[in-house]
1. Of all residues in region 172-186, count the ones that are of a type in the set (S, T, N, Q) and over 11 Å from the mean Cα position of the chain (by Cα).
2. Of the conditions (1) among the β-branched types (Val, Ile, Thr); (2) touching a residue at least 40 places away in the same chain (Cβ under 8 Å); (3) over 17 Å from Ile196 (Cα atoms), Ile137 clears all except one; give me its number.
3. Scan region 44-89 for residues that are of a type in the set (A, V, I, L, M) and closer than 22 Å to Ile173 by Cα and jot them down.
4. Among the listed residues Val56, Val101, Val31, identify the single one that is closer than 16 Å to Ala128 by Cβ, touching a residue at least 12 places away in the same chain (Cβ under 8 Å), touching a Cys at 6+ places or on another chain (Cβ under 7 Å) and not aromatic (Phe, Trp, Tyr).
5. I need every pair where a residue in region 1-16 that is among the hydroxyl-bearing types (Ser, Thr, Tyr) has its Cβ under 7 Å from the Cβ of a residue that is not in a loop (DSSP other than H, G, I, E, B), sequence separation at least 6 or different chains.
6. If you take the residues in region 215-227 that are over 10 Å from Met1 (Cα atoms) and in a loop (DSSP other than H, G, I, E, B), which one is farthest from the chain's Cα centre (by Cα)?
7. From the list Pro194, Pro167, exactly one residue is under 15 Å from Ala100 (Cα atoms) and either surrounded by fewer than 23 Cβ atoms within 10 Å (Cβ to Cβ) or β-branched (Val, Ile, Thr) (or both). Which is it?
8. Given the criteria more than 30 Å from Gly123 (Cβ to Cβ) and of a type in the set (Val, Ile, Thr), does Val31 qualify?
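Each value in this text was obtained by applying a stated rule to the coordinates, not by laboratory testing. None of these values were measured; they are calculated from a predicted model. Neighbour counts run over all protein chains shown; Cβ positions are idealised from the backbone, glycine included.
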Amino acid sequence: MKLCANLSMLFSHLPWPKRFAAARAAGFTAVEIQFPYEHTVEQLQDWLHQHQLQLVLINAPAGDLMQGGTGLAGNPGKEAEFTSGLQQCLHYATQLGVEAVNILPGRLAAGCSRQQALDTLYGNLQLAATALAGQHIRCTVEAINRHDMPGFLVSTLAELQQLPDHPNLFWQIDLYHMARMNEALAPLLAQYWPRIGHLQFADHPGRGAPGSGSLDFASLFSQIKALPYAFWSGAEYRDNNGDMGWLALLPGQQDNAALRH
């Protein structure tokens with residue numbers, strides 16, 4: 001099981017340069033960042049090199065989504081803005097050696113039918129998957145629960161299954177979001193792991209570290225390790241103090257150094 005730390009959420013009490021140091025000190029060899037664009041490519045390269053870390057995943061720009069807006073990927077009329085953001089993302093991803101880029105579908109815009117939004121989303125996903133394939137980068141699309149993000153276009157397993165077929169389009173499955181939508185996690189992983197290009201996790205309820213809620217992470221981690229799934233699993237939870245005690249839940253791993261193997 002290949003673990004990475006989401007530096008947008010983990011160690012968030014620290015300034016950005018120290019988050020990289022904290023991740024390495026905790027035993028991680030890889031990280032992901034939701035939106036790295038506030039930093040220059042050169043800054044990120046320096047921090048990654050200094051702490052011998054690999055950046056494995058970033059999100060494509062999503063416009064106003066994180067401020068409560070509708071985002072870009074599923075918003076008719078914003079195709080040019082989506083394409084421009086994708087080009088910026090490609091620059092970062094290629095310069096930083098990123099393995100996967102995540103597309104956030106966004107919320108349903110006012111005055112737009114769900115079908116119009118989905119048609120726009122599907123077209124943008126085809127565009128992104130093709131462009132990223134040309135750089136040997138996986139394209140993922142993430143389902144986010146509608147309790148935390150009302151109106152989100154893709155939230156359930158059934159809606160993921162309706163996404164267009166493309167050899168370079170994978171699902172990004174966050175166990176927290178799936179649990180929030182009452183999806184059965186173990187059967188989902190067992191049946192659909194070949195379609196998953198990136199995993200993320202936090203406990204439910206609360207989106208805290210594993211062990212803070214009701215999910216059986218000892219069992220889930222064992223299942224993920226036993227699958228032929230070859231990609232990364234990102235720790236993306238609300239982190240108050242950098243406590244890494246949950247690492248004891250990893251199968252056969254009782255100390256942080258085991259993350260390096």
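1. Number of matching residues: 1.
2. (3)
3. The first filter runs over region 44-89 and keeps only residues of a type in the set (A, V, I, L, M), leaving 44, 48, 53, 55-58, 60, 62, 65-66, 72-73, 80, 86.
Of everything in region 44-89, those that are of a type in the set (A, V, I, L, M) and closer than 22 Å to Ile173 by Cα turn out to be Leu55, Val56, Leu57, Ile58, Ala60, Ala62, Leu65, Met66, Leu72, Ala73, Leu86.
4. Values: Val56 fails: closer than 16 Å to Ala128 by Cβ; Val31 fails: closer than 16 Å to Ala128 by Cβ.
Just a single option satisfies the conditions, and that option is Val101.
5. Ser8/Ile33
6. The extreme case among them is Asp216.
7. Numbers: Pro194 fails: under 15 Å from Ala100 (Cα atoms).
Pro167 is the lone residue from the list that is under 15 Å from Ala100 (Cα atoms) and either surrounded by fewer than 23 Cβ atoms within 10 Å (Cβ to Cβ) or β-branched (Val, Ile, Thr) (or both).
8. Working: more than 30 Å from Gly123 (Cβ to Cβ): yes; of a type in the set (Val, Ile, Thr): yes.
Yes.
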